[in-house]
1. Show log10 I(q)/I(0) for region 130-187 at q = 0.12, 0.22, 0.24 Å⁻¹, two decimals, from a solvent-free Debye sum over equal Cα scatterers.
2. Using a 10 Å Cβ count of at most 14 others and DSSP loop calls, identify the longest part of the chain lacking such GluC sites (Glu not before Pro).
3. Please report the net charge: other residues with Cβ closer than 15 Å to the Cβ of K83, K and R +1, D and E -1.
4. Students often forget the sequence filter, so: which lysines lie under 20 Å Cα-Cα from K77 once same-chain residues fewer than 8 apart are removed?
5. Cα to Cα, under 18 Å, and not fewer than 8 places away if on the same chain: which aspartates and glutamates meet these conditions relative to K178?
6. Can you list the lysines whose alpha carbon is less than 26 Å from that of K179, not counting same-chain residues fewer than 8 positions off?
7. In percent, how large is the relative contact order of the chain, given Cα pairs closer than 8 Å and 6 or more residues apart?
8. May I ask you to list, by number, the DSSP H helices of the chain whose Cα span along the axis is at least 24 Å and whose average Kyte-Doolittle hydropathy reaches 1.0 or more?
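Bear in mind that the values in this text are calculations on the coordinates, not laboratory data. Keep in mind that what you see is a predicted model, and the values were worked out from it rather than measured. Here the Cβ positions follow ideal geometry from the backbone for every residue, glycine too, while neighbour counts run over all protein chains shown.
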Amino acid sequence: MWFLLGWYDIKQRYRRSFIGPFWVTISTGMMVGSIGLVFSTIFRTPIPEFLPYFAVGQILWIFLSTQISESCTTFIKYQSIIKQMSIPLSVHIMRRLWNNLILFFHNFLIIAAVLILIGRGFSWKILLAFPAMLLSVMLLFLISVTLGIICSRFRDVTQVVGVFLQLIFFFTPILWMKKVLPADYSWITDLNPFSHMIELMRSPFLGEFPENILWVYMLVYISIAAVTALFFLGRYKHRVAYWL
């Protein structure tokens, strides 16, 4: 059900459009190229080194932040269905997650283009991106369930999440490289879950092995998120329809 509904959302969003969701790819590609060139000059970092680092990080961030932001209003958006049909709340979360995954696959063309243009290409290490993406999707699903329930009851939390995502973006190594961070400020990335998620997925695209500790972090995050999501689902899933 969520698979078909996700496709339906994409078709409706780009109805009567000639190139459809590839408009997202074009606009994102222009943004990545322009900002990448500017900031490589500002940080005095070679373009072949900085541009792929930024391109992969930015596209992954768009996927993560969009899903988290939209999860806050998922149940509100589909309230007519929730009030009329008895289907699991997870279907609506997976619908939005699948929708954003489709857009991420379109933006993946940007990553491929950047790696090919700078001559880096792909190595077999990119296979590690699949388990990393799988863990990230699992974590996003669990976070989305919790936020969807909370924001259905307390609508102000949606605004709080939006402000938080804007701030955390600047504390996550996307526009800047982790190696330029002074040792005294390493806690900025060490205590940043988004930094761990981005780095775990980005390293294989850049032909590098993710640090082993990053896998441990992800499993810990998933465990915490699973316990939290199960608690909210078990206690409040029947109340969501009354809050909408």
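1. With no solvent term, the Cα-only Debye profile gives -0.47, -0.97, -0.99.
2. Working: sites that count: E208, E211.
Longest site-free region, per DSSP loop and neighbour criteria: 1-207.
3. On the way: positive: K77, K237, R239; negative: none.
The answer is +3.
4. The reachable lysines, counting only those whose Cα sits under 20 Å from K77, are K11, K237.
5. E49, D190, E199, E208, E211
6. The reachable lysines, counting only those whose Cα sits under 26 Å from K179, are K125.
7. About 28 percent, as a whole number.
8. Membrane-span-like by this rule: 22-42, 89-117, 129-153, 212-236.
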